[in-house]
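The values are calculated or read from the model by the stated rules, or taken from the named source; none is laboratory data. Computed from a predicted model, the values in this text were never measured in an experiment. Ideal geometry is used to build each Cβ from the backbone, glycine not excepted, and the neighbour counts take in all protein chains shown.
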Amino acid sequence: MVSRRTALASLLVGLGWLAIHEQAAAGGQQEEPLIDSVRTALSSAILNHAPPVPEFADTESRLVYLRWLGRMSDRLRRQKPEWRVRQEFLQTLWYESRRAGLDTALVLGLIQVESNFRKFAVSSVGARGYMQVMPFWTRVLGDGDAAKLFHMQTNLRFGCVILRHYLDREKGDLFLALGRYNGSRGKAPYPNAVLGAKRLWEFTPA
């Protein structure tokens, strides 16, 4: 049986996307002027430090989450061998992706392509952490402390809020939003790589 990592590597090579394992293969979001209302909204989304504890309206919703957690934990075992570490990461990812209105499979696919689930990944252009967030965002939206991008929840929150912002800016066009996230708007390799990786993390409740 072909491993998911092997399948993804083949996919990326087929797309002409060169995965660099010692250094993150991210491009980088481009710093652009933000109007005050957008900056205020994004800053508010970043600074709301609610703990990543999922809440459920009913028992069935909780059971769906637990099944997702178990399935994703199995798939993530190679990158994160310790159960407690996987659980904390997946719980936080579930919380932050849904908080931003994003598909969890999309966020997992993006992380796989950007950093291969390495918390301390740094790209050649300085993007940091799981979601390869550019340090300028901490100055634009936070206190300017780029070291915080190596904190798991902070990195996932920045990444999800920024991707949501790009999706809104591109009027829901995922292809263009992913390109903008990577600093390669309009070019196919990066969006295609993320969407290919996303398929490896899709979940259908049994």
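With the condition kept exactly as written, say whether any residue in the stretch 14-31 is over 21 Å from residue 163 (Cβ atoms), at pLDDT 90 or above and part of a loop (DSSP other than H, G, I, E, B). No - not one qualifying residue is present in the stretch 14-31.
Of the residues that sit in the stretch 48-64 and are among the charged types (D, E, K, R) and part of a loop (DSSP other than H, G, I, E, B), which one is farthest from residue 143 (Cα to Cα)? So that I can check it myself, show each step before the final result.
So the first thing to find is which residues in the stretch 48-64 are among the charged types (D, E, K, R), and the list is 55, 58, 60, 62.
Applying the additional criterion that residues be part of a loop (DSSP other than H, G, I, E, B) yields 55, 58.
Values: 55: 29, 58: 38 Å.
Applying the filter and picking the extreme gives 58.
Restricting attention to the stretch 93-143, the residues that are within 26 Å of residue 35 (Cα to Cα), aromatic (Phe, Trp, Tyr) and out of contact with any Phe, Trp or Tyr (no Cβ under 8 Å at 6 or more places or on another chain) add up to 1. Candidates in the stretch 89-119 are the residues that are modelled with pLDDT of 95 or more and acidic (Asp, Glu); of these, the one that is farthest from residue 172 (Cα to Cα) is 114.
Scan 199, 157 and give me the residue that is farther than 17 Å from residue 115 by Cβ and within 15 Å of the chain's Cα centre (by Cα). Show your work before the answer.
Working: 157 fails: farther than 17 Å from residue 115 by Cβ.
Exactly one of 199, 157 is farther than 17 Å from residue 115 by Cβ and within 15 Å of the chain's Cα centre (by Cα), namely 199.
For the stretch 75-103, the set of residues classified as more than 18 Å from residue 45 (Cα to Cα), in contact with a helix residue (DSSP H, G or I) (Cβ under 9 Å, 6 or more places away or on another chain) and either aliphatic (A, V, I, L, M) or part of a helix (DSSP H, G or I) (or both) consists of 75, 76, 83, 86, 87, 88, 89, 90, 91, listed by residue number. Count of the stretch 160-194 residues, restricted to those that are touching a residue at least 60 places away in the same chain (Cβ under 8 Å), under 14 Å from the mean Cα position of the chain (by Cα) and more than 18 Å from residue 100 (Cβ to Cβ), is 2.
The set of residues in the stretch 65-93 being surrounded by fewer than 15 Cβ atoms within 10 Å (Cβ to Cβ), hydrophobic (A, V, I, L, M, F, W, C) and more than 28 Å from residue 141 (Cβ to Cβ) consists of 66, 83.
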